[in-house]
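These notes concern the structure reproduced below.
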Amino acid sequence: MTNTKRPKITASDHLPGDPDASELVAQIVRVDQAGEYGAKRIYEGQLAVLAGTDAEPILREMLDQELGHLERFNQELTNRHIRPTALQPLWHIAGFALGAGTALLGRDAAMACTVAIEEVIDEHYAAQAETLGDDEAELRDTIEEFRADEQHHREIGLAEGAENAPAYPLLTGAIKTGSRLAIWLSARV
């Protein structure tokens, strides 16, 4: 999925090579499940470094919400008979490494990671919600609900000093680029 707004898919809009409605929904569920799994691993990596600090309660709160999101998308995969991304083993390692790595740079860098990821996810979920039609209203509502949670995580990150992280623009820019690439790959692989 790209970050650009797309109109709702109709049969007349379908071009050769475009995913049909069921393929599009499969991509959405696949990439969202992968993203929530990656978020879980990021927070686990951050907690491996920052457990016992004043950041732990905040990180655990956000992790708990991500676990709820992951559970929902795991159910969607199962109920709709959609395969998860083949890249999940990579996201297992990369997510933890990103979380631990940013936490090793300090609490502010861990919060900067949250801000960067959540800004990309906000755009991503908004595009998905706009793409889904009324026949997928329940999935669209779930995505909108989770989008609000992710926006809240971004606000927490900013309130907790994300912008004080060393090289904040460079750090968040790199994380955003990596997140967009992970989204693109997970939807397809």
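Restrict the check to region 74-89 and report whether at least one residue is hydrophobic (A, V, I, L, M, F, W, C) and under 13 Å from the mean Cα position of the chain (by Cα). Scanning region 74-89 turns up no residue that is hydrophobic (A, V, I, L, M, F, W, C) and under 13 Å from the mean Cα position of the chain (by Cα). Scanning region 131-189 for residues that are small (Gly, Ala, Ser) and farther than 21 Å from Ile42 by Cα gives Gly133, Ala137.
Here is a yes/no grid of residues against (1) closer than 14 Å to Glu118 by Cβ; (2) more than 15 Å from the chain's Cα centre (by Cα):
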position: Gly161; (1), (2): no, yes
position: Tyr168; (1), (2): no, yes
position: Thr172; (1), (2): yes, no
position: Trp184; (1), (2): no, no
position: Arg188; (1), (2): no, yes
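Taken together, Gly173, Gly178, Gly157 contain a single residue that is part of a helix (DSSP H, G or I), in contact with a Cys (Cβ under 9 Å, 6 or more places away or on another chain) and either of a type in the set (Val, Ile, Thr) or closer than 29 Å to Val29 by Cβ (or both), which is Gly157.
Residue by residue, here is whether (1) out of contact with any Lys or Arg (no Cβ under 7 Å at 6 or more places or on another chain); (2) small (Gly, Ala, Ser); (3) surrounded by 14 or more Cβ atoms within 10 Å (Cβ to Cβ) holds:
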| residue | (1), (2), (3) |
| --- | --- |
| Phe96 | no, no, yes |
| Met111 | yes, no, yes |
| Ile117 | yes, no, yes |
| Ala127 | no, yes, yes |
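Pairs are defined by a Cβ separation below 7 Å, a sequence spacing of at least 6 or placement on different chains, a first member in region 40-68 that is more than 16 Å from Ala100 (Cβ to Cβ), and a second member that is assigned to a loop (DSSP other than H, G, I, E, B); the pairs so defined are Ile58/Glu160. A residue that is closer than 16 Å to Gln65 by Cα, of a type in the set (Asp, Glu) and modelled with pLDDT of 95 or more can be found somewhere in region 151-170. For region 164-173, filtering for residues that are of a type outside the set (Ser, Thr, Tyr) and either on the phi > 0 side of the Ramachandran plot or surrounded by 14 or more Cβ atoms within 10 Å (Cβ to Cβ) (or both) leaves 3.
The values are calculated or read from the model by the stated rules, or taken from the named source; none is laboratory data. A quick note: this is a predicted structure, and the numbers were derived from the prediction, not measured. We place every Cβ from the backbone using ideal geometry, glycine too, and count neighbours over all the protein chains shown.
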